[in-house]
Amino acid sequence: MKRFVALLAAALTLAGCSSWNPLVALGIKAEPANKPTPLEPFSATVNPRAAWTVPVGKSGAYVLRPVIDAGRVVAASAEGSITAVEEDGRVFARAETKKPLSGGLEAGEGKFVAGTIKGEVISFDVTGKILWTSTVAGEVISPPAVSRKTVVVRTADGRVFGLNVDDGKRKWVFQRATPSLLLRSEAGVLAIGGDVVAGYPNGKLIALDLEDGKLTWEATVTLPRGSTELERIADVAGLPVIDGGNVCAGAFQGKVACFEISSRNMVWSRDVSTARDLARDSKNIYVTDDTSAVQALDKNAGASVWKQDKLRYRRLTAPVVYEGYVLVGDGFGFLHVLSPADGIIIGRLATDGTAIHSIVPAKSGLILQTAGGSLISVRL
């Protein structure tokens, strides 16, 4: 209860200064302190279109992410329904897990994995049949990761669990002391080969060994600043991005920084506050900051390339790079296409009027999932 009160206090304060609204994550509705910027006319050079739309059930306050597996798109709802869709939009299967879902999805080893607000981790097949259930004693609001027969799950209080992909038995758990105030993040972790990379409170970026969960290295993205606990929140809340031999991450009320993985030395850092995942292409690192301005930073030196602020306070998603464009969804159901050269808005698509929660690249196009329960395939 003490931790919940602390989280609620942080949510109430942060909701007034950020387009990322922790009140939504807590299931609490509130008027934003900053009004969303109205959309302006623009010259379209890209015309995204919806190839198909399939209802999959509402995701409510949770950011649920569809996954692509064996040429099919699989999506979950907060009520626990599972929908598998062929690339052409035909529904392959629908099923009910009868478990309210709050974190997911991920696919691996022929299985799908999701989490619940009650700390259950559920593995099921493409028909929705539950294969195993494991308990991690913490809210799971982010997608698990799967690598080398291990399911990696992060709970909302910062613990990271390694589970056997075949039966869900616990292999290890990583935990350390955390501040009394934490951001509720749906980012999860990266599991790449034998490493688990995750953002952590107090501006830390950590790596764990996939086999035993032991800490192998850590780096400081930013240092907490301020005199109060709220001011000192500096969580690395979004997923980092791997760029060759470097890893880059961003911290709330802090910086975006890139490190050389082999030496752990900082390559560059820049004052940008974000609670979203980063994205990259061959030239830039892209970030959605806490005002919903989208920024491009030169990935070699961190210099600002451009800043697009005509979507401020529209509750933007993390940026996604696809087919040479930068894309973001907003909290009102619009998908925006930005030029990677200068950040100018060059395309837009209206969806179902509810927040776009996830944008997943696929071979046949982008896959969007909205809060209102629409799964949409978008072609550029």
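Can you pull out every residue in segment 255-272 that is out of contact with any Lys or Arg (no Cβ under 8 Å at 6 or more places or on another chain) and assigned to a loop (DSSP other than H, G, I, E, B)?
Residues satisfying the conditions are Ile261, Ser262, Ser263, Arg264, Asn265.
Anything in segment 273-296 that is outside any strand (DSSP E or B) and either hydroxyl-bearing (Ser, Thr, Tyr) or in contact (Cβ under 8 Å) with a residue 60 or more places away in the chain (or both)? List them, or say none. So that I can check it myself, show each step before the final result.
Taking segment 273-296 and keeping what is outside any strand (DSSP E or B), we get 273-278, 281-283, 289-293.
Residues satisfying the conditions are Ser273, Thr274, Ala275, Arg276, Asp277, Ser282, Asp290, Thr291, Ser292.
Taking the conditions exactly as written (under 17 Å from the mean Cα position of the chain (by Cα) and surrounded by fewer than 21 Cβ atoms within 10 Å (Cβ to Cβ)), does Asp166 satisfy them or not? Break it down into steps so the answer makes sense when it comes.
Details: under 17 Å from the mean Cα position of the chain (by Cα): no; surrounded by fewer than 21 Cβ atoms within 10 Å (Cβ to Cβ): yes.
For Asp166, the condition - under 17 Å from the mean Cα position of the chain (by Cα) and surrounded by fewer than 21 Cβ atoms within 10 Å (Cβ to Cβ) - is not met.
Just checking, does segment 318-330 include any residue being more than 15 Å from Leu366 (Cα to Cα) and not acidic (Asp, Glu)?
No, segment 318-330 contains no residue that is more than 15 Å from Leu366 (Cα to Cα) and not acidic (Asp, Glu).
Restricting attention to segment 52-78, report how many residues are under 20 Å from the mean Cα position of the chain (by Cα) and assigned to a loop (DSSP other than H, G, I, E, B).
13
Does Gly373 satisfy the condition of being closer than 24 Å to Gly57 by Cβ, at pLDDT below 95, crowded, with 20+ Cβ neighbours inside 10 Å and not basic (Lys, Arg)?
So Gly373 does not fit the description; no.
Given the conditions (1) touching a residue at least 40 places away in the same chain (Cβ under 8 Å); (2) within 18 Å of Ile367 (Cα to Cα); (3) touching a Ser or Thr at 6+ places or on another chain (Cβ under 7 Å); (4) not β-branched (Val, Ile, Thr), and given that Ala93 satisfies all but one, which numbered condition is not satisfied?
(1)
Would you mind stating whether Ala198 is among the small types (Gly, Ala, Ser), part of a loop (DSSP other than H, G, I, E, B) and out of contact with any Ser or Thr (no Cβ under 9 Å at 6 or more places or on another chain)?
no
As an exercise: evaluate Asn47 against (1) polar (S, T, N, Q); (2) loosely packed, with under 14 Cβ neighbours inside 10 Å; (3) modelled with pLDDT under 95 and give the number of the one condition it does not meet.
(3)
The values are calculated or read from the model by the stated rules, or taken from the named source; none is laboratory data. Because the structure is predicted, anything quoted here is derived from the model rather than measured. Neighbour counts run over all protein chains shown; Cβ positions are idealised from the backbone, glycine included.
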